[in-house]
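Asker: Got a structure for you, questions after.
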Amino acid sequence: MASHTAGQQITITSKGRSSTLTLTDDSLRVQRQGEEWQDVQVPYRNVVWSEYVNGSLEISVLAKRGTRKKATKLVLVHLVTEVEEAQTEAVANFINTLTQHSYKGPQTPRRVKVLVNPHSGPGKAVQLFKQKVEPLFRAARCILDVTYTTSRGHATEIARDMSLDAYDAVAVMSGDGLVHEVLNGFAKHKDPMNALRIPIAQIPAGSGNGFSLNLLGLEEGADVSAAALNVVKGRPMKIDLFSFTQGDTRVLSFMSQCVGLMAELDIWTEHLSRFVVGYLTGLIRRRACPIKIQIKVAHLDKNEIYKTFKEARSRALEASSSDTIQPVPATEHSLIANGGSTVSSLPPLKYAGVDHEEDGWISVDKPTLFVYAGKGPYVSKDLMQFPTSLPDDGFIDVIVQERITRKQLLASMDGAVDGEHYWHPQVSVVPMLTRILNSQPSNAGTLL
């Protein structure tokens, strides 16, 4: 028998057992007798797929095992309930309502190009993909094309030659380096501007995973299942890219560039806890970079920068809670030259060859420990380097750290995970349009 109340609850009885499925304002609850998962309640976003097939109601969800206070990471759970013929119409109506809540429309399987780097981070990418990620993709009926990368630059080659009509998204199971390769592969594509419109999502398997943290936050950004769900159900968003040129070489960057201490610690501690160990090593050395930097600035007042960030974040949160995807307005501040370009090539840089003495440019020529430029708040889970960064405001955040005492450097570590260094008086934080950095290679350290 089946009871169906206003499309919000259904109780199914089969072979002496009953299952009750309830739709609340924000979640699905499934209560089943005699099953391992007897009472499951998940937000609609965590409903991976639902359908009636071969006489059974099948619902796949991501759920947390344990109590709310001691819940584990997300687990893929398949909830299968047999349905008698007399109940099929009520079940079909329930599924239609559930789908409207969980997908905001029809369930449409995505075509995903998956790139897995077997050597990234701890070296567990392949194992995690087969055990957690691929089963979730299959549950969501995704159409997969999986490649295990074999060498540095392999992902660049794949992206460069990719058929743009074949995929809805690219999933990168690796650290941030493979995302960098994909973007620069798209830049070399015969149709680069359209290639760069294909959504890219990271599934964290590296040592930093800053891109995933910036997309999903500290908790879900480190969870491969949550990141895989983002590939399945996430909504495309625009982010700024920026070019790094050195001589005649032009490279696209999406997260960070640095010179001095922050670049060196990234190399020194490749096999260790990235930030803390490297920072302590640099603190002991405290070597300044003999550099001169010219910056085209937008704002200099930290309070005004923070106010702009809070206002933009409020608007973004309001838009994300709506049922429809909000269009992203174009920004007047762009690295793209006025007039744009054809899709057959990347646009030229707006500020290449301009007069650096004109209004809006400042020069920094003093002993500096590091210069760090980037997009996105997090560089790693223990370092919020750019706390006021916005994804699509047309600016690159740059931090210039003056040479201060070891005691001051050590004290600044306490708030690194929360971006508290932003307010330190010896830290200059500038939203910029472009920068020119001149260094003495023999003394200036490493450039990343």
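Asker: Out of the residues in region 366-405 that are part of a loop (DSSP other than H, G, I, E, B) and of a type in the set (Gly, Ala, Ser), which is farthest from the chain's Cα centre (by Cα)? Even if it seems obvious, please write down each step before you answer.
Answerer: At the first step, the residues of region 366-405 found to be part of a loop (DSSP other than H, G, I, E, B) are 366-367, 375-377, 381-382, 385-395, 403-405.
Subset that is of a type in the set (Gly, Ala, Ser): 376, 389, 394.
On the way: GLY376: 9, SER389: 14, GLY394: 18 Å.
Result: GLY394.
Asker: Something else now. So if I check each of THR97, THR72, THR88, THR81, which one is of a type in the set (Ser, Thr, Tyr), in the same structural domain as ARG17 (by TED's automatic domain parsing) and free of Cβ contacts under 8 Å to residues at least 12 places away in the same chain?
Answerer: Values: THR97 fails: free of Cβ contacts under 8 Å to residues at least 12 places away in the same chain; THR88 fails: free of Cβ contacts under 8 Å to residues at least 12 places away in the same chain; THR81 fails: free of Cβ contacts under 8 Å to residues at least 12 places away in the same chain.
After applying the criteria, what remains is THR72.
Asker: Also, I was wondering about something else. Need the failing condition index for TYR167 against (1) within 18 Å of VAL48 (Cβ to Cβ); (2) assigned to a loop (DSSP other than H, G, I, E, B); (3) of a type in the set (Phe, Trp, Tyr), just the number.
Answerer: Single failed check for TYR167: (1).
Asker: I want to confirm something. Restricting to region 365-398 and keeping residues that are touching a His at 6+ places or on another chain (Cβ under 8 Å) and surrounded by fewer than 21 Cβ atoms within 10 Å (Cβ to Cβ), which single residue is farthest from SER314 (Cα to Cα)?
Answerer: Within region 365-398, the match that is farthest from SER314 (Cα to Cα) is GLY394.
Asker: Quick one: GLN202 ticks every box in (1) of a type outside the set (Phe, Trp, Tyr); (2) assigned to a helix (DSSP H, G or I); (3) in contact with a Phe, Trp or Tyr (Cβ under 7 Å, 6 or more places away or on another chain) except a single one, so which number is it?
Answerer: Evaluating GLN202 over (1) of a type outside the set (Phe, Trp, Tyr); (2) assigned to a helix (DSSP H, G or I); (3) in contact with a Phe, Trp or Tyr (Cβ under 7 Å, 6 or more places away or on another chain) leaves (2) as the failure.
Asker: Go through (1) in a loop (DSSP other than H, G, I, E, B); (2) more than 13 Å from ILE198 (Cβ to Cβ); (3) small (Gly, Ala, Ser) and name the single condition ALA155 misses.
Answerer: It fails just one condition, (1).
Asker: So which of PHE244, PHE211 is closer than 29 Å to ASP382 by Cα, aromatic (Phe, Trp, Tyr) and in a helix (DSSP H, G or I)? Please lay out each step first, then the result.
Answerer: Numbers: PHE244 fails: in a helix (DSSP H, G or I).
Result: PHE211 is the single residue among PHE244, PHE211 that is closer than 29 Å to ASP382 by Cα, aromatic (Phe, Trp, Tyr) and in a helix (DSSP H, G or I).
Asker: Can you find, within region 208-226, the residue that is farthest from ALA155 (Cα to Cα) among those that are in contact (Cβ under 8 Å) with a residue 40 or more places away in the chain and out of contact with any helix residue (DSSP H, G or I) (no Cβ under 6 Å at 6 or more places or on another chain)?
Answerer: My answer is LEU218.
The values are calculated or read from the model by the stated rules, or taken from the named source; none is laboratory data. As the structure is a computational prediction, the values presented were derived from the model and not from experiment. When we count neighbours, we look across all protein chains shown, and the Cβ atoms used for this are built from the backbone with ideal geometry, even at glycine.
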